[in-house]
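Below is one structure, written out as structure tokens; the observations come after it.
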Amino acid sequence: LNNAFRQLAMIRALGWPEPVYAHIPLIHGADGAKLSKRHGALGVDAYRDEMGMLPEAVNNYLLRLGWGHGDDEIIGRDQAVEWFDLAGVGRSPSRFDFKKLENLNGHYMREADDARLSALIAPGVARDAGREFDRSDRELLLRSIPFLKVRAKDINDLTDGAGFMFRTRPLDMDEKAGSLLDGPGKTLLAEARDALAATDDWSAPALEAAVRTVAERGGIGLGKVAQPLRAALTGRTTSPGIFDVLALLGREESLGRMDDQLG
């Protein structure tokens, strides 16, 4: 505000038309202190390059920090241009809530074009896999995006979630996944492997039906069979739906990963 008076004096001296000034409220950090270079503020490129936020999510969130339109939270750029007026600008400082930004980014991730997301994460997935991607790798990655993006909060999350498809066999198991392949889990994996190998139709519904027969024969829930199966296929305890994973990996790769763990 101090600069406004100096600027007005210069504008009047030059005979220029005077602008209308409006004050946008400050943004405070989670602790309530004013954001600054020395206190929590980041360059906008850090949200994209380091945190994996989509530009449209950051735009939407920053807009809502200082301005509102009723109860609307999801506001695209075109809608913001149409709706914006100074009456909607808040009077009090806003508090930056990274969790809200993360949730908003998750919404935009789910709405984003699959080809765009695939192109954004391909360099990172290839780097983590330790190889250059060929056409078949890029096609597999693109096919996987609809299943991966529903769980991803940001680009980093999506990159990490896609990694299991391109890992070198035999897969390294994380500790929890490895524990699922001991004793009874390994027995269930062997039974599931035999049922899947006998399946001609390698589609998610047919694969689910095959694994369900194993669960029903053992008098257990489907999840009990899916857990060691997921561990063998991904090396983790979390992934997209396990039958989607099987369909994405294909028959040869899926059976090969199971055989690696069965010895």
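All of the numbers you see were taken from the coordinates with simple rules; none came from a lab. Values in this document were obtained by computation on a predicted structure and should not be read as measured data. For neighbour counting, all protein chains shown are included, and Cβ atoms are generated from backbone atoms with ideal geometry for every residue, glycine included.
The modelled label-to-label distance for the pair Leu26/Glu132, using points 7 Å beyond Cα in the direction of Cβ, is 5.3 nm. Please name which of Ile11, His28, Leu63 has its Cα lying farthest along the dipole of the range 11-73 towards the positive end, using unit charges on Cβ (Lys, Arg +1; Asp, Glu -1) and the Cα centre as origin. Toward the positive end, the furthest listed residue is Ile11. Per-peptide packing, taken as the mean over residues of other Cβ atoms within 10 Å, places 11-23, 99-111, 50-62 in the sequence 50-62, 99-111, 11-23 from highest down. Annotation: amide H of Trp67 within the under-5 Å range of Gly90, sequence separation 5 or more or interchain, hydrogens built in the peptide plane.
Largest GNM mean-square fluctuation across Asp172, Asp194, Asp78, computed for the chain with C-alpha springs under 10 Å, falls on Asp78. Look at the dipole of the chain built from charges on Cβ: of Tyr108, Val245, Ala232, the Cα furthest out on the positive end belongs to Tyr108. Based on the alpha-carbon gyration tensor of the range 26-110 and its eigenvalue square roots a ≥ b ≥ c, which shape applies: rounded if a/c is under 1.5, prolate if not and a/b is larger than b/c, or oblate? Oblate is the answer for the range 26-110, as a/c is 1.5 or above yet b/c matches or exceeds a/b. Put simply, the amide H of His28, placed in the peptide plane, has neighbours under 5 Å in Leu35, Ser94, Arg95, Phe96, leaving out anything fewer than 5 places away on its chain. In a simple Cβ point-charge model (Lys, Arg +1; Asp, Glu -1; nothing else charged), the range 175-262 has a dipole of about 300 debye relative to its Cα centre. For the pair Ala87 and Asp194 in one chain, pulling the backbone fully straight at 0.36 nm per residue adds 31.9 nm over the alpha carbon distance. Sequence-ordered 3J(HN,Hα) estimates for the range 69-74 from the Karplus curve with 6.51, -1.76 and 1.60 and θ = phi - 60° stand at 9, x, 9, 5, 10, 8 Hz, glycine and proline given as x. Mean-square fluctuations from a GNM of the chain, with a 10 angstrom spring cutoff on Cα atoms, peak among Ile121, Ile145, Ile27 at Ile27.
Listed here are the pairs Lys153/Lys176; Lys100/Lys149; Lys186/Lys224; Lys100/Lys153; Lys149/Lys176; which of them are more than 21 Å apart at the Cα? Flagged as over cut-off: Lys153/Lys176; Lys149/Lys176.
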